[in-house]
Each structure stands twice: as C-alpha cells, then as structure tokens.
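The values are calculated or read from the model by the stated rules, or taken from the named source; none is laboratory data. Keep in mind it's a predicted model, so treat the numbers as computed, not measured. Counting neighbours? That spans all protein chains shown, and the Cβs are built from the backbone with ideal geometry, glycine included. Only protein heavy atoms, including side chains, enter the accessible area calculation; ligands, DNA and RNA are left aside. Shrake-Rupley method; radii C 1.70, N 1.55, O 1.52, S 1.80 Å.
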Amino acid sequence: MGTTTRGPVRSRRGLLTATAALAAAGGAVALSGAALRHQARIARRRIGKPLGEEALVADRVWRPRLSGEPIDLLVLGDSIAAGLGAAHRKETLGARVAKGLARRLGRPVRLRTAAVVGSETSALAGQLDALPRDYAPELAVIVVGGNDVTHRIPPARSAAQLADAIARLRRGGAAVVVGTCPDLGALRAVPQPLRALVSRLSRRLAAVQTEVALAHGAHPVSLRRTVGPFFLAQPDEMFSIDRFHPSAVGYRRTAEALVPAALTALAAR
C-alpha cells in the first residue's frame with residue numbers, strides 16, 4: 001500500500017480563497033467581499049491539511065478468487081474519486097465500487113484510478129490522455145465538480161468538458177456513470193452565508209451534469225440526494241478528520257449509491 005500525487009494539486013488555501021472571491025463577485029449575499037474572504041480564512045483554519053494531498057493507491061484486481069475474467073473499472077475525477085481521506089486502500093471510493101460490483105456480479109474487478117486530487121472537470125481530458133493507448137475499460141465512473149464550483153468555472157464550460165469525456169469513453173465502448181457534484185452545503189467548516197452560496201452553486205452544477213450525462217448516454221447519480229442527507233445528519237461519521245473529504249463510512253455510502261447505476265450501465269452496454 002502506498003501513496004501517489006498523480007499530478008498537480010491545488011492547495012486548499014487557493015481553493016477556499018477562490019471560493020470567497022466567487023461569493024464576493026456573485027453579489028448573492030448581503031455581506032461585503034471582505035467579510036466573505038474573512039469567512040474563507042476561518043474555513044482554512046478549521047480544515048487545515050491533516051490528510052496531506054496524496055490519495056492511497058488502490059489499483060489492483062479486487063476479489064481475484066472469483067471466477068471469470070476481471071471487469072475493467074476506470075475511476076476519473078477529483079479527490080473524492082481518488083479516495084483522499086480513506087485510511088486504507090480498501091476504503092477508497094474506487095475500491096468500494098470495485099468490491100461492490102464484484103460481489104454483485106460474481107466476477108473480479110480490475111481497478112484503475114486516473115483521478116487526481118484537486119482536479120476540475122477540465123482535467124478529465126488529461127486523465128484520459130494519460131491512459132495506455134490500448135486500455136479499454138468496460139466501465140468508467142466519474143466524480144467531479146466541487147473544484148469547478150470553488151474555482152468559479154462557468155457551468156456551461158464544465159458541462160462541455162464533461163460531455164467530451166463521456167463521448168470519448170462511450171466511443172471506446174465503456175459504460176459511464178457520473179456521480180454529480182456533491183452539495184457543498186454539507187461542509188460545516190465553511191461559515192454561513194458562504195456555505196449557503198456554494199451549496200446553491202453546487203446544486204446548479206449537479207443539475208447541468210445530470211442533463212449532460214443523460215444526453216450523452218451516461219448514467220447520472222445525484223450524490224446530493226443519495227448520500228447528502230447522511231453527510232448533513234452525521235458529519236462526524238461521514239467526514240474524515242479534515243471535515244472536508246469523506247471518511248471510510250462516507251466512501252462506503254457513496255459507493256453504495258454508485259454501484260446500482262454501474263450495474264445498470266454495464267447491463268445496457
């Protein structure tokens with residue numbers, strides 16, 4: 001078991017500074033930009049970097065003793081997709097999805113994680129470009145969007161980039177599942193009213209991602225609806241020690257929401 005950076009990482013300091021700038025520019029709350037920047041500084045102090053910026057390496061064949069050829073599973077996206085916050089590789093999102101699929105299908109699952117901590121939707125193209133030319137996954141799971149919200153990426157641009165990634169995967173024969181942008185309103189370390197604003201923006205992006213996924217033959221999963229209530233009601237259990245990324249339980253809940261859609265996508269492939 002080890003760690004990897006898998007590419008450039010934006011610091012949480014930059015992420016939350018951008019969030020404050022976004023809120024100040026939006027004019028959607030009755031506070032000055034200075035007050036919102038102050039709230040972002042509070043959030044930075046509360047969150048810190050106890051996890052570092054490297055996700056565990058979980059790539060391997062899961063449940064290898066099952067019969068049949070392994071199913072090739074590709075995971076793309078940001079720190080949630082990469083599994084930052086998991087204490088063991090078996091607890092990462094990719095491993096959880098792989099084990100869930102293996103259990104339901106009775107076949108091994110070969111996991112490849114291309115997700116990079118700190119990624120925006122624009123990074124999906126590079127993640128795909130970095131794969132071996134002869135690699136053809138049967139299933140791809142994409143979880144991305146939070147960094148688009150905090151870095152002020154227009155939803156239309158994110159949508160176009162997601163559409164391109166889905167189209168490339170579909171042309172290669174992969175079934176695609178998209179876990180839409182989580183509700184950033186669950187991040188209690190972010191003070192109000194900044195938290196309410198990023199919640200609204202993350203919901204808007206998730207709605208756009210759902211439309212794009214459906215239009216391009218992918219299977220969307222609303223993480224806000226399926227697991228968001230758990231993060232809101234049980235933050236101590238669902239979040240890792242930084243109160244920003246999922247814990248082992250949070251990743252288990254998220255994988256449980258994604259696996260049914262993955263099974264449906266594979267059956268329709």
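Thr180 fulfils the conditions (1) closer than 17 Å to Thr210 by Cβ; (2) surrounded by fewer than 16 Cβ atoms within 10 Å (Cβ to Cβ) except for a single criterion, (2).
Across region 59-75, the qualifying residues are those that are within 26 Å of the chain's Cα centre (by Cα) and of a type in the set (Asp, Glu), and the one among them that is nearest to Arg89 (Cα to Cα) is Asp59.
Does Leu201 satisfy the criteria of being in contact (Cβ under 8 Å) with a residue 24 or more places away in the chain and surrounded by fewer than 18 Cβ atoms within 10 Å (Cβ to Cβ)? Criteria not met by Leu201.
Val221 fulfils the conditions (1) surrounded by fewer than 17 Cβ atoms within 10 Å (Cβ to Cβ); (2) within 18 Å of Val75 (Cα to Cα) except for a single criterion, (1). Just to be sure before I move on: is Val97 surrounded by 24 or more Cβ atoms within 10 Å (Cβ to Cβ) and in a helix (DSSP H, G or I) in the structure I sent? Judged against the criteria, Val97 is a match.
The residues listed here are Arg96, Arg103; of these, the one that is closer than 20 Å to Gly146 by Cβ and of a type in the set (Lys, Arg) is Arg96.
Within the option set Ala87, Ala140, Ala81, being of a type outside the set (Asp, Glu), more than 23 Å from Phe239 (Cα to Cα) and out of contact with any Cys (no Cβ under 9 Å at 6 or more places or on another chain) holds for one residue only, Ala140. With a cut-off of at least 1 residues that are farther than 29 Å from Pro70 by Cβ and touching a residue at least 24 places away in the same chain (Cβ under 8 Å), name the helices (runs of 4 or more DSSP H) lying wholly within region 111-184. Once the helices (runs of 4 or more DSSP H) in region 111-184 are filtered for at least 1 residues that are farther than 29 Å from Pro70 by Cβ and touching a residue at least 24 places away in the same chain (Cβ under 8 Å), what remains is 146-150, 155-171.
As a summary of the residue check, Ala125 satisfies the conditions (1) open to solvent by less than 10 Å² (accessible area, probe 1.4 Å); (2) more than 21 Å from Tyr251 (Cα to Cα) except for the one numbered (1). Considering only residues in region 247-256 that are in contact (Cβ under 8 Å) with a residue 60 or more places away in the chain and over 13 Å from the mean Cα position of the chain (by Cα), the one that is surrounded by the fewest Cβ atoms within 10 Å (Cβ to Cβ) turns out to be Glu256. Here are some conditions: (1) open to solvent by less than 10 Å² (accessible area, probe 1.4 Å); (2) in a helix (DSSP H, G or I); (3) without any contact (Cβ under 8 Å) to a residue 60 or more places away in the chain. Thr210 meets all but one. Which one does it not meet? Failing condition for Thr210: (1). Based on this model, can you work out whether Gly173 counts as in contact with a helix residue (DSSP H, G or I) (Cβ under 7 Å, 6 or more places away or on another chain) and on the phi > 0 side of the Ramachandran plot? Answer is no for this residue.
The condition of being open to solvent by 10 Å² or more (accessible area, probe 1.4 Å) and either modelled with pLDDT under 95 or within 16 Å of the chain's Cα centre (by Cα) (or both) holds for only one of Arg157, Arg171, Arg112, Arg104, that being Arg112. Check whether at least one residue in region 52-65 is open to solvent by less than 60 Å² (accessible area, probe 1.4 Å), outside any loop (DSSP other than H, G, I, E, B), under 23 Å from Ala163 (Cβ atoms) and touching a Pro at 6+ places or on another chain (Cβ under 9 Å), and report yes or no. Within region 52-65, none of the residues are open to solvent by less than 60 Å² (accessible area, probe 1.4 Å), outside any loop (DSSP other than H, G, I, E, B), under 23 Å from Ala163 (Cβ atoms) and touching a Pro at 6+ places or on another chain (Cβ under 9 Å).
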